[in-house]
């Protein structure tokens, strides 16, 4: 009887594997400007506020949990985790912040990460220190590093300044820990990763596709991100975020 029970248990496990054993997989999205395109810069790096709001409403209505890198471990526990990121710290990211404020509710707290460049803070069309403090204090936005001056890290010799100093400047401004770095242009290599690991817990590229936990060395410093573009339709957006 005992052997028969074990046999049945084996059959159940074979055809009903525990979900927790499956590879962790979720999307990390990358945005730049949330504004109407006015002819300056690359059009595809813009997403209109209207389209951004539609995309966030989709996430809200389809049960996604928006996380920041401080809550990375929660991705293993919550329903449909997703990470929303913005590079460069443009002033128009305040439009995304306004959408988050509008959509937040008792059961839905939209959060995102903005990767800023300390040398660019306060420049025309960039977030100011006051903007950053307002968003940080809201609990909706995490401010992380996009290096000190936005160089190609694979070609610079001043990695300590770009990585360590940028982290310290942002932490001084926000009074929050900086644990994630977005590589400018998505460029990295083993030298950059080794230096990044001294100061951060995560490194983000622009390699497209969802993140899948595989256990390979340094995978948290080669995180992929998928661009959401000006031309991205809501149908395309749904296909990007609905990973299996």
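Quick rundown of the values:
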read-out: Elements of type helices (runs of 4 or more DSSP H) in segment 1-118, at least 1 residues being at pLDDT 95 or above and farther than 23 Å from residue 215 by Cβ; value: 49-61, 93-103
read-out: In segment 177-192, residue nearest to residue 112 (Cα to Cα) [restricted to those that are in contact with a helix residue (DSSP H, G or I) (Cβ under 7 Å, 6 or more places away or on another chain) and in contact (Cβ under 8 Å) with a residue 60 or more places away in the chain]; value: 180
read-out: Leading residue by the ranking (farthest from residue 161 (Cα to Cα)) among those in segment 210-244 that are at pLDDT below 95 and surrounded by 12 or more Cβ atoms within 10 Å (Cβ to Cβ); value: 243
read-out: Extreme residue, farthest from the chain's Cα centre (by Cα), among residues of segment 128-163 that are more than 20 Å from residue 183 (Cβ to Cβ) and not in a helix (DSSP H, G or I); value: 128
read-out: Count - residues of segment 164-193 that are out of contact with any strand residue (DSSP E or B) (no Cβ under 7 Å at 6 or more places or on another chain) and part of a helix (DSSP H, G or I); value: 13
read-out: Number of positions in segment 106-130 that are under 30 Å from residue 62 (Cα atoms) and touching a residue at least 24 places away in the same chain (Cβ under 8 Å); value: 9
read-out: Residues of segment 195-226 satisfying the condition of being more than 15 Å from residue 85 (Cβ to Cβ) and either assigned to a strand (DSSP E or B) or out of contact with any helix residue (DSSP H, G or I) (no Cβ under 9 Å at 6 or more places or on another chain) (or both); value: 212, 214, 215, 216, 217, 219
read-out: Residue match in segment 193-205 (condition: without any contact (Cβ under 8 Å) to a residue 24 or more places away in the chain and within 24 Å of residue 45 (Cβ to Cβ)); value: yes
read-out: From 147, 154, 111, residue being in contact with a helix residue (DSSP H, G or I) (Cβ under 9 Å, 6 or more places away or on another chain) and closer than 15 Å to residue 199 by Cα; value: 147
read-out: Conditions (1) under 16 Å from the mean Cα position of the chain (by Cα); (2) closer than 27 Å to residue 36 by Cα; number of the one not met by residue 238; value: (1)
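Let's see how each residue does on (1) over 17 Å from residue 186 (Cβ atoms); (2) buried (at least 19 other Cβ atoms within 10 Å of the Cβ):
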| residue | (1), (2) |
| --- | --- |
| 56 | yes, yes |
| 73 | yes, no |
| 99 | yes, yes |
| 132 | yes, yes |
| 137 | yes, no |
| 147 | no, yes |
| 151 | no, no |
| 158 | yes, no |
| 169 | yes, no |
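The values are calculated or read from the model by the stated rules, or taken from the named source; none is laboratory data. Small disclaimer: the values here were computed from a predicted structure and weren't measured. Glycine gets a Cβ as well: all are built from the backbone with ideal geometry, and neighbour counts include every protein chain shown.
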